[in-house]
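Undergrad: Pasting a structure here, questions to come.
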Amino acid sequence: MIVAYTEQAFPCFVGDRQDTMDAVPADMVVNATLVAMAVHLNEKGQVIYNVCSALQNPLTGYVLEDACWDYFSIYPRVQNGKPLKNKRPYVFKRFALFHTYLILVYKLPLEMLHAVSLLFCGLFSQYYNKQNRRYNFLMLLVKLYAPYAFFKGCFDDTNMRRLRMDVKMDGNASNIFNYDLQSMDCPSYLLNVHVPAVLKYGRKNKGSV
């Protein structure tokens with residue numbers, strides 16, 4: 001989604017900017033896993049740990065969008081030596097409204113263009129194919145992310161909080177195995193780590209949309 005955002009591949013999306021989501025750095029997940037393995041090394045029972053941030057350090061869609069906006073304001077896309085202006089996508093809170101809007105504003109004009117192109121022996125086929133790929137890419141993203149975009153639940157992290165309270169480590173070990181999600185600055189993490197990492201590695205071997 002972040003790659004699509006920077007390429008302005010979609011004008012709108014679905015979800016609720018006020019909903020909370022989980023954003024946990026991979027190193028914190030690894031640290032929590034290592035500590036849990038050490039604590040339960042000789043135990044036969046199973047304890048489920050949810051490494052999640054929604055309850056302790058909630059991240060909303062507003063924060064994620066603002067982080068993307070801030071990043072692309074600092075490092076804008078450039079074309080022919082000139083920075084390109086990014087636009088915030090409109091977010092629909094209901095999938096039915098989103099689907100109706102897309103059909104009326106994009107799909108119907110596209111199919112009309114396709115019909116005209118056929119009448120003129122494929123005169124506009126290249127442009128139609130490009131825009132149709134963008135439309136299909138947007139629909140693919142929506143089908144993939146819609147269940148998560150409308151997810152209203154939060155995972156119980158009681159066991160993880162108990163683990164942090166029960167485990168007593170010295171100062172050095174505490175710094176090495178940091179998995180306290182309350183200490184994470186979400187806007188700073190997104191702006192300085194997550195967004196640039198997604199753009200760096202998410203674009204590799206990615207075809208044009």
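Undergrad: Would you say T33 is more than 12 Å from the chain's Cα centre (by Cα), among the hydroxyl-bearing types (S, T, Y) and under 27 Å from K143 (Cβ atoms)? Walk me through it before giving the result.
TA: Details: more than 12 Å from the chain's Cα centre (by Cα): yes; among the hydroxyl-bearing types (S, T, Y): yes; under 27 Å from K143 (Cβ atoms): no.
No; evaluated as a whole, the condition is false for this residue.
Undergrad: Return the total of residues in the stretch 11-51 being acidic (D, E) and out of contact with any Lys or Arg (no Cβ under 9 Å at 6 or more places or on another chain). If you could, list the steps in order and put the result at the bottom.
TA: Within the stretch 11-51, the first condition is being acidic (D, E), and the residues that meet it are 16, 19, 22, 27, 43.
With the extra rule that they be out of contact with any Lys or Arg (no Cβ under 9 Å at 6 or more places or on another chain), the set shrinks to 22, 27, 43.
Matching residues across the stretch 11-51 total 3.
Undergrad: Okay, moving on. Have a look at G122, G153 and point out the one that is loosely packed, with under 15 Cβ neighbours inside 10 Å, under 23 Å from A54 (Cα atoms) and small (G, A, S).
TA: Numbers: G122 fails: under 23 Å from A54 (Cα atoms).
The conditions single out G153.
Undergrad: Just checking, which of Y101, Y189, Y90 is surrounded by 12 or more Cβ atoms within 10 Å (Cβ to Cβ), of a type in the set (S, T, Y) and in contact with a Phe, Trp or Tyr (Cβ under 9 Å, 6 or more places away or on another chain)?
TA: Numbers: Y189 fails: in contact with a Phe, Trp or Tyr (Cβ under 9 Å, 6 or more places away or on another chain); Y90 fails: surrounded by 12 or more Cβ atoms within 10 Å (Cβ to Cβ).
Just one listed residue meets the conditions, Y101.
Undergrad: Based on what the data block shows, is S208 of a type in the set (G, A, S), surrounded by 12 or more Cβ atoms within 10 Å (Cβ to Cβ) and either at pLDDT below 70 or touching a His at 6+ places or on another chain (Cβ under 8 Å) (or both)?
TA: For S208, the condition - of a type in the set (G, A, S), surrounded by 12 or more Cβ atoms within 10 Å (Cβ to Cβ) and either at pLDDT below 70 or touching a His at 6+ places or on another chain (Cβ under 8 Å) (or both) - is not met.
Undergrad: How many residues are under 25 Å from F150 (Cα atoms), β-branched (V, I, T) and without any contact (Cβ under 8 Å) to a residue 24 or more places away in the chain if we restrict to the stretch 40-79?
TA: Summing the residues that are under 25 Å from F150 (Cα atoms), β-branched (V, I, T) and without any contact (Cβ under 8 Å) to a residue 24 or more places away in the chain in the stretch 40-79 gives 0.
Undergrad: Just to be sure I understand the filter: pairs with C-beta atoms under 9 Å, separated by 6 or more residues or on different chains, first member in the stretch 87-110 and free of Cβ contacts under 8 Å to residues at least 12 places away in the same chain, second member of a type in the set (A, V, I, L, M, F, W, C) and in a helix (DSSP H, G or I). Which pairs pass?
TA: That search, which allows pairs on different chains as well, returns H99/M139; H99/V142.
Undergrad: Separate question: Restricting attention to the stretch 58-80, does a residue exist that is touching a strand residue (DSSP E or B) at 6+ places or on another chain (Cβ under 8 Å), small (G, A, S) and not in a loop (DSSP other than H, G, I, E, B)?
TA: yes
Undergrad: Is it fair to say P83 is touching a residue at least 24 places away in the same chain (Cβ under 8 Å) and either surrounded by fewer than 16 Cβ atoms within 10 Å (Cβ to Cβ) or not acidic (D, E) (or both)? Talk me through it step by step, then tell me what you get.
TA: On the way: touching a residue at least 24 places away in the same chain (Cβ under 8 Å): no; either surrounded by fewer than 16 Cβ atoms within 10 Å (Cβ to Cβ) or not acidic (D, E) (or both): yes.
Judged against the criteria, P83 is not a match.
Undergrad: So which residues in the stretch 74-129 are under 28 Å from the mean Cα position of the chain (by Cα) and polar (S, T, N, Q), if there are any at all?
TA: Correct list: Q79, N86, T100, N129.
Undergrad: Among the listed residues R133, R161, which satisfies the condition of being of a type in the set (D, E, K, R), surrounded by 11 or more Cβ atoms within 10 Å (Cβ to Cβ) and under 24 Å from D22 (Cα atoms)? Break it down stepwise before answering.
TA: Details: R133 fails: under 24 Å from D22 (Cα atoms).
The unique qualifying residue is R161.
Undergrad: Could you list, in sequence order, all residues of the stretch 24-57 that are assigned to a loop (DSSP other than H, G, I, E, B) and of a type in the set (A, V, I, L, M, F, W, C)?
TA: Step one: filter the stretch 24-57 for residues assigned to a loop (DSSP other than H, G, I, E, B), giving 24-25, 40-57.
Hits for the stretch 24-57 are V24, L41, V47, I48, V51, C52, A54, L55.
Undergrad: Let me ask another. For V30, are the conditions met, namely being surrounded by 13 or more Cβ atoms within 10 Å (Cβ to Cβ) and at negative phi? Write out each step before concluding.
TA: Working: surrounded by 13 or more Cβ atoms within 10 Å (Cβ to Cβ): yes; at negative phi: yes.
So V30 passes the test.
Undergrad: Here is a check on your reading of the model: is A38 aliphatic (A, V, I, L, M) and within 17 Å of the chain's Cα centre (by Cα)? Spell out the reasoning first.
TA: Details: aliphatic (A, V, I, L, M): yes; within 17 Å of the chain's Cα centre (by Cα): no.
No.
The values are calculated or read from the model by the stated rules, or taken from the named source; none is laboratory data. Here the structure is a predicted model, which means the values were calculated and not measured. FYI the Cβ positions are ideal-geometry reconstructions off the backbone, even for glycines, and counts take in every protein chain you see.
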